[in-house]
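See structure below.
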Amino acid sequence: MKAVILASALAISFACGASAQTYDDLLKDEKTPQDVLTYGMGYSAQRFSPLKKINKNTVKRLVPAWSYSMGDNRGVEAQAVVRDGVVYITDHEKTVAVDALSGKQIWKSVIEYPPETTRVVCCGIVNRGAVLYDDKVYRTTLDAQVIALDAKTGKEVWRTKSSSPAEGYSMTVAPLVVKGIVIVGVSGSEFGIRGYLEGYDAKSGERLWRTYTIPAPGEPGSETWAGESMKTGGGSTWITGSYDPDLDTVYWGVGNPAPWNPLGRKGDNLYTNSMLALDPKSGKVKWYYQMSPNDPFDYDGVNELVLADVKVNGEPRKVIMQANRNGFLYVVDRINGKLISANKFTTVTWATHVDLQTGRPVWSDATKAIIEKGQRQRIFPSATGGKNWQPMSFSPKTGLLYVNTINVGWDYEPLPVEQVAHLKAGQPFQGVKRESAFEDPNVRGALKAIEPVTGKVRWEVPGKSPNMSGTMVTAGGLVFTGKLTGEFVAYDADNGKELWSFQTPSGIVGQPITWEMDGKQYVTVTSGIGGVYALRSGDPNLANVPPGGSLWTFRLMDK
Ligand code: CA
Ligand code: CA
């Protein structure tokens, strides 16, 4: 009987052409370069590709295959996904399917959201991408809805409202699909939300679970908040998590406490600025590790959690690596959440170091003066962070992380506590005075190749402006990333030498991917400046960068 069912299932899949993607395809995603189905190019979020036809020798022959206009002037931070000769890309107002070889549009699905939604978006009108599973395209919308589209037609299959912009919630995150469950997080710590993660049934859109990142009054962890401050405590979850199938555990970062001003919320403020380990089926938290307790500086701990097996004192360990907004590169045992190492990867003055025994940061005198006396102080990094949302990559070949780091500080002063008492959920929620500060205003960031456990920087490429795009590394020995001034660049992964560059029409805040079709390797990235740094920094280096979203695919010129 079993054999008969199997045979008919096979017949059906052949009759329909390519079969629907399954959980197994997602499990294998990082090892199957003919498609890119997940955010982060695989569940471990390494953004590493085994492809090597485009390599140190051939990259000089890399040329545009096509470009596609997004028809919009907002920033394009989305990572593309690719399957069966179709590239899918999102922005805040649409999802599109584009022929992977010709660049011609196949379908476009427009997203409508109430204009007042943009009132609760602190840091750029963006979307970070869709993912593919079961012949559907899953994404979130700015007004906090989760939708599934038919991958062939773009027709909506389901739509579920998560929450409301009126209460301060929005969504920019790309989903993580595990075992038929679509997992998403929210933005809105700058508007006094109570953050959460959710799991939805991929077939029906039914919400299966919601796990708040901030305990309710009386729940365990609520004692880490003064009074009722947890009710609007923040804890957004706006960067996609990763997944370890062997441990059946999802890892997801949690954002800053609200308001930024810490004076009215004494305590550790769990589970803000923490990494959570969760069961994907129930959303139940297995363990947490908090990076920045009682954070005054908007050090969202949401940054991507890259999974790898690395050697620590000669022993292989299953670890999570995170270049945190607070300027420390954390390596954590992903079985139990125990801290292994935490090293500074940019200028950091808010803490002297992280105590490896307790896992807690040791505040500098400047931070103590802010929290204990409400004083004005100069702190590195600023709210923009040592690294913001732009994902790093990890090469199992070189053992290095490739990180677009930021080096900007700020002069920071919390307003007196009685002046922040009026802050209401759904309204701006900061309560601080602030002004940017620089070590050198002409060097505001660097692409760095970093040893994860020691934190040693093997090479770096400083920039006038920081790079606010993702990095990707390949078995061909190349690191791809983009600059805010529009250059899409390939560097030698071993020494940082620039090997190739192409000027795209706008600044790059996107995420490169690479894929293969009919034996040829392609590289895809978006151009289109926007997002938090471009909008808020006033960086003079960007004065002549025009807006305008476009999607680019490159291939090797025939010899
Ligand atoms: Ca794949
Ligand atoms: Ca934040």
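The values are calculated or read from the model by the stated rules, or taken from the named source; none is laboratory data. Here the structure is a predicted model, which means the values were calculated and not measured. Please note: Cβ atoms are built from the backbone with ideal geometry, for glycine as well, and neighbour counts cover all protein chains shown. Remember, those area values only see protein heavy atoms, side chains included, never the ligands or the DNA or RNA. Shrake-Rupley method; radii C 1.70, N 1.55, O 1.52, S 1.80 Å.
Per-structure values
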item	result
Surface share of carbon and sulfur [accessible, 1.4 angstrom probe, percent] for the chain	52 percent
Residue 22-residue 152 pseudo-label distance in nm [points 7 Å out on the Cα-to-Cβ vector]	2.0 nm
Mean Cα-pair separation over length for segment 201-275, i.e. relative contact order, pairs under 8 Å, 6 or more apart, %	35 percent
Entries of 286/311; 31/520; 53/152; 286/368; 203/318 with Cα pairs more than 22 Å apart	286/311; 53/152; 286/368; 203/318
Paramagnetic reach from residue 179 in segment 237-261 [backbone N under 20 Å; point 7 Å along Cα→Cβ]	241-253
Under 21 Å from the Cα of residue 424 - lysines, other chains or at least 8 residues apart	231, 266, 433
Segment 299-349-segment 232-257 distance, computed between alpha-carbon centres (Å)	14 Å
Net lengthening on full extension, residue 494/residue 104 (0.36 nm per residue, minus Cα-Cα)	136.8 nm
Percent RCO, i.e. relative contact order, over the chain, from Cα pairs under 8 Å lying at least 6 residues apart	15 percent
Accessible area per residue, Å², segment 157-276 with all protein chains present, probe 1.4 Å	27 Å²
Extension gain (nm, one decimal) between residue 413 and residue 34, 0.36 nm per residue minus Cα-Cα	131.3 nm
Neighbourhood net charge (10 Å Cβ-Cβ; Lys/Arg +1, Asp/Glu -1) for residue 354	+1
Cα→Cβ-extended label distance, 7 Å offset, between residue 433 and residue 376, nm	0.5 nm
Separation of the residue 369 and residue 520 label points, Cα + 7 Å toward Cβ, nm	6.1 nm
Computed helical MRE - 222 nm, the chain, DSSP H runs ≥ 4 contributing -39500 (n - 2.57), nearest 500	-2000 deg cm²/dmol
